[in-house]
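The values are calculated or read from the model by the stated rules, or taken from the named source; none is laboratory data. These numbers come from a predicted model, not from an experiment. Here the Cβ positions follow ideal geometry from the backbone for every residue, glycine too, while neighbour counts run over all protein chains shown. Areas reflect the complete protein model, heavy atoms only, side chains present, ligands, DNA and RNA absent. Shrake-Rupley method; radii C 1.70, N 1.55, O 1.52, S 1.80 Å.
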Amino acid sequence: MSVKHNLAVTIDKASGFCFGVVYAIDMAEDILDNEDYLYCLGDIVHNDEEVKRLTDKGLRIIDHEQLQHLHKEKVLIRAHGEAPSTYELALNNELTLIDASCPVVLKLQNRIKNSHDDEEQILIFGKHGHAEVIGLQGQTDGKAIVFQDIKELDGVDLPAKFTLYSQTTKSTDKFYEIKDELIGRGYDVKANDTICRQVSNRYGDLEKFVANFDKILFVSGKKSSNGKVLYDVCKKYNEHSYFISNIEEIDMNWFSANDNVGICGATSTPMWLMEEVKAYLLHH
């Protein structure tokens, strides 16, 4: 018979979906309330639990390969945005696009396109293969140099002058470190901080939140870029922080009797999932 841990559990009120994700999911749910199915290009959110909830409602996740064979259907563009080639394909295949691209991402796409049209060499600090980054690179006909670590630029023949952009969910501190390092190497760098403040403001909030607890459970999908960044913040300010994606991954041996536990998550973590984690902790 296991002894109840008698934990005190608090969910971080500032955690959960950013407005871009809320917008995309609301759009999908509105359509699925009236129609049997809706195609979505790529995971609507980097969270398997939430994706399952929506696919059960009729959301059909497809990739770019499958998109080519669709005709006269409705397709949702998620918050991460898409490259121009996706919109061209939609026109050719008579697809109706439900565009839920995040306004922060759209603004960045536009700025990158303008830089490219002005024939600037563009560097993008972002995660290789990430949906948002593919959309950004698409604005430059694939000519932008993408790197997720400054070491990747060693030995790359860069022009003396270039423009630096960032994926919207990267760490602000890291972005400025990279900018300073490149200027230090003698390059003329025009830097555009295009990081989403809804994400970057979370760092400070999280720092304060995690300091109040004995243990922290950070709930996020493994694929979430900002999940990794935010978890690092938790770990830095509370070493007793654990990364989980669902209740199956909780190990009750992490906790001592009467621990005060905080639960927080990424901008792609649904509130219902954090509530589920809280309920699980209170009953074990």
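Taken over region 142-181, the residue count meeting the criterion of being over 17 Å from CYS196 (Cβ atoms), out of contact with any helix residue (DSSP H, G or I) (no Cβ under 7 Å at 6 or more places or on another chain) and touching a residue at least 40 places away in the same chain (Cβ under 8 Å) is 2. Selection of first residues in region 108-136 that are touching a residue at least 40 places away in the same chain (Cβ under 8 Å) and open to solvent by 10 Å² or more (accessible area, probe 1.4 Å) and of second residues that are among the acidic types (Asp, Glu) and in a loop (DSSP other than H, G, I, E, B), restricted to Cβ pairs under 9 Å at least 6 apart or on distinct chains, gives the following pairs, ordered by first then second residue: ALA131/ASP43; ALA131/GLU82; ILE134/GLU82. Scanning region 188-204 for residues that are in a helix (DSSP H, G or I) and surrounded by fewer than 16 Cβ atoms within 10 Å (Cβ to Cβ) yields a total of 3. Look at LEU273 and say whether it is more than 10 Å from PHE218 (Cβ to Cβ), in contact with a strand residue (DSSP E or B) (Cβ under 7 Å, 6 or more places away or on another chain), buried (at least 16 other Cβ atoms within 10 Å of the Cβ) and in contact (Cβ under 8 Å) with a residue 60 or more places away in the chain. Here the answer is yes, as LEU273 does meet what is asked. In region 69-98, which residue that is surrounded by fewer than 17 Cβ atoms within 10 Å (Cβ to Cβ) and among the charged types (D, E, K, R) is nearest to THR163 (Cα to Cα)? Ranking the candidates gives GLU88 first. Scan region 195-239 for residues that are farther than 22 Å from HIS46 by Cα and not charged (D, E, K, R) and the total you get is 8. Residues that are acidic (Asp, Glu) and touching a Leu at 6+ places or on another chain (Cβ under 9 Å): does region 35-45 have at least one? No; the residues of region 35-45 include none that is acidic (Asp, Glu) and touching a Leu at 6+ places or on another chain (Cβ under 9 Å). Do we have LYS235 as out of contact with any helix residue (DSSP H, G or I) (no Cβ under 7 Å at 6 or more places or on another chain) and at pLDDT 95 or above here? So LYS235 passes the test.
Summed over region 28-45, residues that are under 22 Å from VAL277 (Cα atoms) and either out of contact with any helix residue (DSSP H, G or I) (no Cβ under 7 Å at 6 or more places or on another chain) or surrounded by fewer than 18 Cβ atoms within 10 Å (Cβ to Cβ) (or both) total 0. In this entry, SER268 passes the filter for residues that are polar (S, T, N, Q) and more than 23 Å from ASP149 (Cα to Cα).
Does any residue of region 164-178 turn out to be part of a helix (DSSP H, G or I), modelled with pLDDT of 95 or more and open to solvent by 70 Å² or more (accessible area, probe 1.4 Å)? The answer is yes, given that some residue of region 164-178 is part of a helix (DSSP H, G or I), modelled with pLDDT of 95 or more and open to solvent by 70 Å² or more (accessible area, probe 1.4 Å).
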